[in-house]
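I have placed the structure first, in the form of structure tokens, so that the comments after it can refer back to it.
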């Protein structure tokens, strides 16, 4: 019985690993440099996009705050929704899947920093 349980656990772990691999393969790899370019062009007017400093718009979270609040898959999902729907003061901004991957890759390089006044609002 114990051996069957071990085999089942190994099998489930293998299936989970295959699922994660297939999921990751379906999403494009991100370019940190292109992501930095995109956020400097399209996001820096409202958001703090670097390691230090505040956001020009005090209601817009800095990207290190976003980094500390969202996993990479959550960030990609949020960026996809923002691309289609916008949010509060932010109009929809078309981003391709590759743009989303690049921005997520860039944000992933930032040192996570907790928000001073509560968590980042989830969309």
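From the residues in segment 56-69 that are over 15 Å from residue 39 (Cβ atoms) and touching a residue at least 12 places away in the same chain (Cβ under 8 Å), which one is surrounded by the fewest Cβ atoms within 10 Å (Cβ to Cβ)? Working first, answer last.
Step one: list which residues in segment 56-69 are over 15 Å from residue 39 (Cβ atoms), which gives 58-59, 68-69.
Remaining after also requiring touching a residue at least 12 places away in the same chain (Cβ under 8 Å): 59, 68-69.
Working: 59: 9, 68: 17, 69: 18.
That would be 59.
Residues that are free of Cβ contacts under 8 Å to residues at least 60 places away in the same chain and in contact with a helix residue (DSSP H, G or I) (Cβ under 8 Å, 6 or more places away or on another chain) were ranked within segment 44-55; the one that is nearest to residue 109 (Cα to Cα) is 49.
Looking at this structure, is residue 68 at pLDDT 90 or above and within 16 Å of residue 98 (Cα to Cα)? Criteria not met by residue 68. Taking segment 78-92 as the range and being under 17 Å from residue 107 (Cα atoms) and touching a helix residue (DSSP H, G or I) at 6+ places or on another chain (Cβ under 8 Å) as the test, the residues that pass are 79, 80, 83.
Looking across segment 75-96, the residues that are closer than 19 Å to residue 36 by Cα, assigned to a helix (DSSP H, G or I) and in contact (Cβ under 8 Å) with a residue 40 or more places away in the chain come down to 76, 78, 82.
Name the single residue, out of those in segment 102-123 being under 8 Å from the mean Cα position of the chain (by Cα) and modelled with pLDDT of 95 or more, that is surrounded by the most Cβ atoms within 10 Å (Cβ to Cβ). Step by step, filter segment 102-123, then rank; the result is 103.
Just one of 35, 48, 53, 42 is in the same structural domain as residue 78 (by TED's automatic domain parsing), modelled with pLDDT of 65 or more, surrounded by 10 or more Cβ atoms within 10 Å (Cβ to Cβ) and at positive phi; which is it?
Values: 35 fails: at positive phi; 48 fails: at positive phi; 42 fails: at positive phi.
Answer to the selection: 53.
The values are calculated or read from the model by the stated rules, or taken from the named source; none is laboratory data. Source: prediction; values computed, not measured. Note: ideal-geometry Cβ built from the backbone for every residue, glycine included; neighbour counts use all protein chains shown.
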